[in-house]
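Reading through the structure tokens given below for one structure.
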Amino acid sequence: MTCIITQNRGYDTMEAMKTILPMIRALLGLLLLSAASSCSPHRMPSETATPYHPVRIASGVPTQPGSVSWSPDGKRIAFITTTVNIYDREQGTLKTVKINNPSYVLWLAGQELLVISRSANPAVLCVVEPDTLAVTQHALDNDARALSPLDTDRLLILSAKRSSLKFGIEMNYELAAYDRRVKTQKSLYSFYKLYPRNTPEELLTGWFDAGLDPLNNAVLVRELIAPPAAASYTRLQNIDVLTGEAMEIAAPQKTVYTGTSWSPDGRRLALSDTSGGVVITGLRTGSGSVKTAAHGFHPSWNPKGSQLYVGGYLIQSNGKTDTTLLSDSPGSIAWWSGDGTRLAVASDGDLWLFDSFSPVFLPPDKPLDETLKNKLSLLKSLQADGFVTLQEYQSRRARLLERSEVLP
């Protein structure tokens, strides 16, 4: 999953071909693996999953970031098939919302359900009232792929515009703030990439899955670097949504990472690589890394404890495997409820629900430092309103994060 090249627009054709051809051969292996996976039988819960009451509620659910979202109270779950579905787990009822080509769902704290519809270009933001199923539509300025809430009035829009060229696929990525009050977007950060023509779609938009840093409200971007004469690797960067500033994060090793998930306190990351290996690493220099025995491509950290889901397994953040929920499911992807007691898993198109988890924190993990988060949020507001300069904001933010052991 490493076949990506980065070039300027005026690249030399022969040099580009020399770079692309070896990468295409590597991609063929990935495509064959994906085809084999799509033909595999449906995964069934392991016997060890019984205490968590597995229930299969749907089929045809994409195994991709944004295809499932829990309501804030954990009573309902929205998911994508050919339309948008809302399942009430207490009542056992299912409602459908007629939205064309939905690609991403996000349930906000105010019980609003947001849906990206990509039936048109640019994409459309649909706001769903989940009780009446009333839908309000707002045209966006770009090809939106993912959403995150910035504050009460603004959303973070992550977009990727794809263009086919003779020798590859041109991708223009952008992070933008969408103000719901005035229906306008402001670009925060953008970058350009050129990929081989047959690069799978999940590689082109795979960096949209991590979401915002729970502490600093920054966006984690996985930028794949592919030097012509060296092995490819992933550059990890946190993008400040206020300034657009990119802060590089030291990865535990120079390799290609396929999935990421934040610890609840924003001090550690779970990273999966192209072989399915999973490592948990601290952001502070010298904090060390923990390799796990689990195998999977989409780690998901419980927001209320030291438990993670990856590849069908429950693991602890110390690397120990706890329980097998779904056997032989390395490509599965999961979403925890806000209270950490329930889990939704998409695997081979099936959507499974599990419950009765009892999350706890194991050292060095901690709950989110709400006091520090509020200080950082206040500092952002002061800078946005012009009460502190950009230089003062950056200096104060660095001091706060350094004291919290987040920065080196």
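Among the residues of the range 149-183, the one identified as within 23 Å of Val105 (Cβ to Cβ), of a type outside the set (D, E, K, R) and surrounded by fewer than 16 Cβ atoms within 10 Å (Cβ to Cβ) is Thr152.
Against the numbered list (1) outside any helix (DSSP H, G or I); (2) within 28 Å of Gly66 (Cβ to Cβ), Lys373 comes up short only at (1).
Looking only at the range 309-322, decide whether some residue is closer than 18 Å to Pro45 by Cα, at pLDDT 90 or above and surrounded by fewer than 24 Cβ atoms within 10 Å (Cβ to Cβ). Yes, some residue in the range 309-322 is closer than 18 Å to Pro45 by Cα, at pLDDT 90 or above and surrounded by fewer than 24 Cβ atoms within 10 Å (Cβ to Cβ).
Residues that are in contact (Cβ under 8 Å) with a residue 24 or more places away in the chain and among the charged types (D, E, K, R) within the range 281-333 comprise Arg284, Lys291, Lys304, Lys320, Asp328, listed in sequence order. It is to be established whether one or more residues within the range 347-354 are in a loop (DSSP other than H, G, I, E, B) and in contact with an Asp or Glu (Cβ under 6 Å, 6 or more places away or on another chain). No: the range 347-354 contains no residue that is in a loop (DSSP other than H, G, I, E, B) and in contact with an Asp or Glu (Cβ under 6 Å, 6 or more places away or on another chain). Restricting attention to the range 127-148, does a residue exist that is more than 20 Å from the chain's Cα centre (by Cα), closer than 24 Å to Thr63 by Cβ and crowded, with 20+ Cβ neighbours inside 10 Å? There is at least one residue in the range 127-148 that is more than 20 Å from the chain's Cα centre (by Cα), closer than 24 Å to Thr63 by Cβ and crowded, with 20+ Cβ neighbours inside 10 Å. Just name the residue that is surrounded by the fewest Cβ atoms within 10 Å (Cβ to Cβ) out of those in the range 261-306 that are of a type in the set (Gly, Ala, Ser), in contact with a Phe, Trp or Tyr (Cβ under 7 Å, 6 or more places away or on another chain) and in a strand (DSSP E or B). Taking the candidates together, the pick is Ser300. For the range 348-386, filtered to residues that are at positive phi and in contact (Cβ under 8 Å) with a residue 60 or more places away in the chain, the residue that is surrounded by the fewest Cβ atoms within 10 Å (Cβ to Cβ) is Ser356. From the list Gly296, Gly277, the lone residue that is modelled with pLDDT of 90 or more, closer than 21 Å to Val345 by Cα and touching a Pro at 6+ places or on another chain (Cβ under 7 Å) is Gly296. Which pairs do you get when a residue that is farther than 19 Å from Pro227 by Cα and at pLDDT below 70, found in the range 194-206, comes within reach of a residue that is in a helix (DSSP H, G or I) and not small (Gly, Ala, Ser), reach meaning Cβ atoms under 7 angstrom, with the pair 6+ apart or on two chains? Going by the 7 Å Cβ cut-off, the qualifying pairs are Pro200/Leu30; Pro200/Leu31.
Hey, any hits in the range 51-67 for a residue that's at pLDDT 50 or above, on the phi > 0 side of the Ramachandran plot and not small (Gly, Ala, Ser)? Yes, the range 51-67 has at least one match. Considering Ile80, Ile86, the condition of being modelled with pLDDT of 95 or more and over 25 Å from Pro299 (Cβ atoms) is satisfied by Ile86 alone.
The values are calculated or read from the model by the stated rules, or taken from the named source; none is laboratory data. Not measured: the values here are computed from a predicted model. Here Cβ is always computed from backbone atoms with ideal geometry, including for glycine, and neighbour counts include all displayed protein chains.
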